[in-house]
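Worksheet: the structure to be examined is printed underneath.
The values are calculated or read from the model by the stated rules, or taken from the named source; none is laboratory data. It should be emphasised that the depicted structure is a prediction, and the values quoted were computed from it without experimental measurement. Backbone-built Cβ (ideal geometry, glycine too); neighbour counts: all protein chains shown. The accessibility values were calculated without ligands, DNA or RNA, using every heavy atom of the protein model including side chains. Shrake-Rupley method; radii C 1.70, N 1.55, O 1.52, S 1.80 Å.
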There are 2 protein chains.
Amino acid sequence: MTDGIALSPRPASSALLTDHYELTMVAAALADGNAARNCVFEAFARRLPEGRRYGVVAGTGRLIDEITRFRFRDEEIDFLREHKVVDDAALQWLAEFAFSGDIDGYREGEIYFPESPILTVRGTFAEGVILETLILSILNHDSAIASAGARMIGAAGGRPCIEMGSRRTAEWAAIASARAAYLVGFGSTSNLEAGRTFGVPTAGTAAHSFTLLHDNELSAFRSQVDLMGAGTTLLVDTYDVMQGIRNAVKVAGPGLGAIRLDSGDLGVLAREARELLDSLGATKTRIIVTSDLDEYAIASLAAAPVDGYGVGTSLVTGSGAPTCGMVFKLVERDGVPVAKKAAGKGNDGGAKAAVRRHDAQGRIVEEVAAVGGRPDVGEGDLQLQVPLIRSGRPHEVATLTEAREYHAKQMTTLPREARKLTRGGPAIDVDVYQA
Amino acid sequence: MTDGIALSPRPASSALLTDHYELTMVAAALADGNAARNCVFEAFARRLPEGRRYGVVAGTGRLIDEITRFRFRDEEIDFLREHKVVDDAALQWLAEFAFSGDIDGYREGEIYFPESPILTVRGTFAEGVILETLILSILNHDSAIASAGARMIGAAGGRPCIEMGSRRTAEWAAIASARAAYLVGFGSTSNLEAGRTFGVPTAGTAAHSFTLLHDNELSAFRSQVDLMGAGTTLLVDTYDVMQGIRNAVKVAGPGLGAIRLDSGDLGVLAREARELLDSLGATKTRIIVTSDLDEYAIASLAAAPVDGYGVGTSLVTGSGAPTCGMVFKLVERDGVPVAKKAAGKGNDGGAKAAVRRHDAQGRIVEEVAAVGGRPDVGEGDLQLQVPLIRSGRPHEVATLTEAREYHAKQMTTLPREARKLTRGGPAIDVDVYQA
């Protein structure tokens, strides 16, 4: 069917999705004999996006998957040789590279705060540093989407949300966004590849172009209902919304599944639409709203008769914070804590063990991170780090469905004020101390 | 070397990077007999990001490439059948689909304003609508990066800029970001895959972890210089910046290529660093600065003795505007202009032909878009749309290098005030009129 066309120039290895300097550092460390020193690296965020009270860890499952496949094939080695990125000794090492160390981290879907040690990589210097770019790309992106999405889900107060932002983010980032949105409680995505790759349920309605294609709105609605059944969602705002609703019920009958409103004052329109639908006997027909929604717009519609939200741009761009600003730092070398000293960007050296403590109602009261030891773990305390990779092999990695359930549970542990949409600082200050 | 490991779950076809509803619209239109109607779709932005005076078209080359490869293979068809996304007639059509229409558009690297008809797709309804998601994903993302990057290049005033944001955006979006940055004048990228896929020059220095790996800074510098030569860039701010500079020159000699400053008050530090380097005889050693730079921070360093900027987060997130908000609208059906009428989101129906007029100095004075005809083209006028695809085959698609040169030339046509970083409205209002 494809006449032998090479379908994509996209390479099958993710190994070159890596900053140039990671490989030259490996090469220099191999040459000077330090490459094999035992090292601990940690990924964490120094702060949350302005005004946010918590963040959500996402991308872990995707990351572990990519790490187990992070290989330099002949094609990658040839490119590096041809462009003289590193010397022959390093090329040899890269060709044989497969991560063989240990990775621990916060469970996917977990809540995090500034300084939470979200991911800990133990191995040689070379095998840790080489993963830096991939680790940060995935965690920074996916966690940004999840952190924004969690606020939207909270604002929606149980009404279903659909992720539909593919067109407002890079084409492959779109499927990672759909996955992160599903993780935090979105019910479905518009993106078909996210359905195939990650099993996220896909859904869709119709665009204005479909109505405009037809000679009139009735024909467009009839066509859609003929194919999809009366349970479909009809987009009623191409011409006149109220006439559109009348046309929709005329074609589909009072059993029409849903209408979609995509413009105008959604709160006012939803009320008028509800009245009209009820008066036409379509009392079960749902009202789905879309059109540049973010968590604030969703919250403002809480009292309106809305049955579902479709969210695009604001979700896939992290609602003002498209990256989490996580960093990946060497914190131990041969068991000795190390840290940069420079102004404003210092961090605590030494590998951290993190525990979260809860009150009798199960709400977080504190998070502690011990350097050089382990905090006491009592009843109601949560050990935040779990083994994700052991000796290079995936260990306790949750499926997306498990991570989604875990996230929903963890959201109930947030202090109440952390769920507010108003601007504020982190709900919890992580207490980092020397054990 | 890879022991037969499946290196990536990433599918070779981009056909499912598509919203669910595009395919159900195709299915419904096939069933009702409207799928083959001749249609014209246009991609355009209703507005620029807040405060911006112009935008830059990017992603065109990447898009044309993807469109020629947009195919539904057995794997994609099987997924759609299994998940009952569309009916058998539509599956049959999809399996045979290859875009056979025409696409015209602004040249890659071109400047655009609100309402500029950036991309025009002519074909049947089905073959136009099915490309919507891919077209918008690529143009919205790449143009957002290019639009932010162009302001940074302007602020840098001729000093070289390096793109190094891969860790702050999704892993595959990173290579598109690197490409868009190169398009608008960045000299290199840290991302190796962007080097392989698009031929963007790659570059890198070293991270703090490399210094921390070694027992002291001198050993780390010595290792790097041994491998890379004295022309390398040494990161001098892991401990004490001035001592770091002394160590760097001690190891590399006065012929040291560059130092990198990644923290602190960069303007003050650069001055002190310059004095110290000069006093050590390293008068040719360049000073590269990094650390959360955006166009404003770059501009504020104009008077400082800085020789190059490394830009990450702010570039790959579009400096506050991670998407351009472009939309893709059906504007003609069988030669008849069509448009949505709803509040706030209407657009002018009818395909547009766009021309830009310049003053005697070659600066833009107006852009006009005629509906249903072509504007007069006189001396000094520019026809903005060029044929990109004809009958499904790539036509006048510029290479990345050609687009980069074209962009540089076009930037000289901007009205002077459009280059200011202060907030303002679009430099030009596109005059859309009925011909």
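Brief remarks on what is shown
- Links that overshoot a 26 Å alpha carbon limit, given the list A:Lys329/B:Lys284; A:Lys352/A:Lys420; B:Lys250/B:Lys284; B:Lys284/B:Lys420: A:Lys329/B:Lys284; A:Lys352/A:Lys420; B:Lys284/B:Lys420
- Between the amide H of A:Leu234 and those of A:Ala258, A:Ile259, A:Arg260, distances stay under 5 Å, these residues lying 5 or more places away or on another chain, with hydrogens modeled in the peptide plane.
- The relative contact order of chain B comes to 23 percent, based on Cα pairs under 8 Å that sit 6 or more residues apart.
- The residues of the protein assembly as shown have, on average, 34 Å² of accessible surface per residue, using a 1.4 Å probe with all protein chains present.
- Position A:Pro305: other-copy label points at 7.3 nm, ordered by increasing distance, label point 7 Å along Cα→C-beta.
- Note on region B:373-435: Kirkwood radius taken over Cα pairs, Stokes-Einstein applied at 4 °C and 1.567 mPa s, translational D equal to 86 µm² s⁻¹.
- Mean projected area in nm² (Cα convex hull; one quarter of hull surface) for region A:1-127: 11.1 nm²
- The H on the amide N of B:Ser116, modeled in the peptide plane, is under 5 Å from the matching H of B:Ala45, each at least 5 residues off or on a different chain.
- For B:His83, solvent-accessible area (1.4 Å; no DNA, RNA or ligand), Å²: 100 Å²
- Between 0 and 90 degrees, the angle of helix B:20-32 with respect to the longest Cα principal axis of chain B falls at about 20 degrees.
- Dipole-positive endmost among B:Leu293, B:Ala258, B:Tyr239 within region B:205-306 (Cβ charges, Cα centre): B:Ala258
- In sequence order, region A:331-336 has phi-based couplings of 10, 8, 9, 6, x, 9 Hz under the Karplus curve 6.51 cos²θ - 1.76 cosθ + 1.60, θ = phi - 60°, and Gly or Pro positions carry x.
- Relative compactness, chain A, computed as alpha-carbon Rg over 2.2 N^0.38 Å: 1.13
- Scaling the Cα radius of gyration of region B:169-269 by the globular reference 2.2 N^0.38 Å produces a ratio of 1.22.
- Remark on region B:297-435: ratio of C-alpha radius of gyration to 2.2 N^0.38 Å is 1.32.
- Förster radius 60 Å - calculated FRET efficiency between A:Arg81 and B:Tyr433 (Cβ-Cβ, nearest 0.05): 0.55
- Annotation for B:Ser100, label-to-label distances across the other copies: 5.7 nm (shortest first, one decimal, point 7 Å from Cα along Cα→Cβ).
- Of the whole protein surface, A:Ile103 contributes about 0 Å² of accessible area at a 1.4 Å probe radius.
- List B:Thr68, B:Thr399, A:Thr290, ordered by accessible area with a 1.4 Å probe, largest first: B:Thr399, B:Thr68, A:Thr290
- Placing a label point 7 Å from Cα along the Cα-to-Cβ axis, A:Val386 is separated from the same position in the other copies by 5.4 nm, shortest listed first.
- Pairs of Cα atoms nearer than 8 Å and 6+ residues apart set the relative contact order; for region A:279-418 it is 14 percent.
- Rg and Dmax of the protein assembly as shown, based on Cα coordinates, read 27.4, 87 Å.
- Only protein heavy atoms count here; under a 1.4 Å probe, A:Asp226 has an accessible surface of about 120 Å².
- Mean shadow area of region B:189-248, taken as a quarter of the surface of its Cα convex hull (nm²): 4.5 nm²
- Taking the DSSP bridge list for the protein assembly as shown and keeping only pairs wholly inside it, about 65 percent are antiparallel.
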